[in-house]
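Take a look at the structure below.
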Amino acid sequence: MKIAVFSARPYDRVSLDEANANCGHELVFFEPRLAPETASLARGFRAVCVFVNDRLDAEVLKELQKGGTHLIALRCAGFNNVDLAAAKRLGLTVVRVPAYSPYAVAEHAVGLILALNRRIHRAYARVREGNLALDGLLGFDLHGRTVGIVGTGRIGAVVAKILHGFGCEILAYDPVVNPECEREGARYVRLDELFRGSDIVTLHCPLTPETHHMIDDRAIEVMKPGVMLINTSRGALVDTRAVIRGLKSGSVGHLGLDVYEEEADLFFRDLSEKVIQDDVFARLLTFPNVIVTGHQAYFTREALRNIADTTLANISDFEQGRACPNIILADRVVR
Ligand code: NAD
């Protein structure tokens, strides 16, 4: 099938080309993000392959459908960037990659916790300047600390397992109890109880209208003073302005972000020669107790390979009229 691949970085091309050796699709790579200004590039492509910051609102979906697109293949798990109601109206099929490596994201979240706690980001810069003093680098034992995991699906469960190994107490919040987490010693509590009792809060739930800005002024107010917040899930789970207020007052002691609510215009590109126009983001970068990574938690060799294999298998299933296990929304007509 002829596929327009948006937001294609060089590493995407490599992994998709490798996986395509067994599939024989025609892949055409476009570096820009899918947005109203770029949607016309997809004209004549039956399938469009997109990533986390591509915009699939009603306007873009309509343009895609007019141009002959029938299938939207997400090469990610989250689908908060797709207007599913509009896709349904337009008769588009939407598929995704529900799981490619929960380990990649969980390990990155734990990496942020360790780096923030032991100030590894600061120690790295200091030692290179010949400063081997320890002042300002004091951390705490993770052993015996309480970690609150919000969302205990695939990724949250791996985080629970790793942190259980560190000797942490685990509090969990999820509308669905995961027995695997309970086996790791996690205790399911109400969300406000989790906020109240945790030294570290790490987010692993999807972005939905219900979870939008779940970390706001009110949530921070009930948390332990100096709490560490980690978000490797979706940016808009966190009200960034509220967290900045928390960092300024000391209510938030550490912040580790792999995602940011306005990341679409910033992430996945080299802006080192440019002036960052987003003042909220720029302010975040000034805190010594904040680490921001650019949506790289998923970025392991294993994950890229699994993403490419599953994406192309989803497209082949659609093309050949087979039942696809990774369908979010099915077209009215089975093709
Ligand atoms: P998953 O579907 O396996 O688990 C999500 C869990 O969140 C489920 O158990 C669900 O019941 C729970 N949940 C739903 N609503 C909730 C709520 N209101 N409060 C608490 N929990 C709630 O998904 P996953 O594979 O574990 O991925 C989790 C999230 O991680 C994804 O939604 C995605 O946004 C994010 N993610 C980020 C990256 C990255 O590179 N940073 C990569 C992959 C996924």
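The values are calculated or read from the model by the stated rules, or taken from the named source; none is laboratory data. Just so we're clear, the structure is a prediction, and the values are computed from it rather than from any experiment. Cβ sites come from the backbone with ideal geometry, for glycine too, and all protein chains shown count toward neighbours.
If you scan the stretch 197-218, which residues turn out to be out of contact with any strand residue (DSSP E or B) (no Cβ under 7 Å at 6 or more places or on another chain) and away from the ligand (no atom under 16 Å from the Cβ)?
Scanning the stretch 197-218 gives a single hit, 217.
State whether one or more residues within the stretch 9-18 are part of a strand (DSSP E or B) and out of contact with any Asp or Glu (no Cβ under 6 Å at 6 or more places or on another chain).
no
Keeping to the stretch 269-311, report how many residues are farther than 30 Å from residue 98 by Cα, in contact (Cβ under 8 Å) with a residue 24 or more places away in the chain and assigned to a helix (DSSP H, G or I).
Residues meeting the conditions: 3.
Would you check if residue 68 is farther than 20 Å from residue 310 by Cα, out of contact with any strand residue (DSSP E or B) (no Cβ under 9 Å at 6 or more places or on another chain) and modelled with pLDDT of 95 or more?
Here the answer is yes, as residue 68 does meet what is asked.
State yes or no: is residue 156 within 21 Å of residue 106 (Cβ to Cβ), touching a His at 6+ places or on another chain (Cβ under 6 Å) and within 13 Å of the ligand (Cβ to nearest atom)?
yes
For residue 145, work out the one condition from (1) more than 11 Å from the ligand (Cβ to nearest atom); (2) out of contact with any His (no Cβ under 9 Å at 6 or more places or on another chain); (3) over 21 Å from residue 108 (Cβ atoms) it doesn't fulfil.
(3)
Among 261, 221, which is the only one that is among the acidic types (Asp, Glu), in contact (Cβ under 8 Å) with a residue 12 or more places away in the chain and away from the ligand (no atom under 14 Å from the Cβ)?
Among 261, 221, only 221 is among the acidic types (Asp, Glu), in contact (Cβ under 8 Å) with a residue 12 or more places away in the chain and away from the ligand (no atom under 14 Å from the Cβ).
Identify the single condition in (1) of a type in the set (Gly, Ala, Ser); (2) under 26 Å from residue 229 (Cα atoms); (3) surrounded by 13 or more Cβ atoms within 10 Å (Cβ to Cβ); (4) more than 17 Å from the chain's Cα centre (by Cα) that residue 313 does not satisfy, given that it satisfies every other one.
The single condition residue 313 does not satisfy is (2).
Out of everything in the stretch 164-186 that is within 15 Å of the ligand (Cβ to nearest atom) and closer than 28 Å to residue 139 by Cα, what residue ends up being modelled with the lowest pLDDT?
Looking at residues that are within 15 Å of the ligand (Cβ to nearest atom) and closer than 28 Å to residue 139 by Cα, I get 184.
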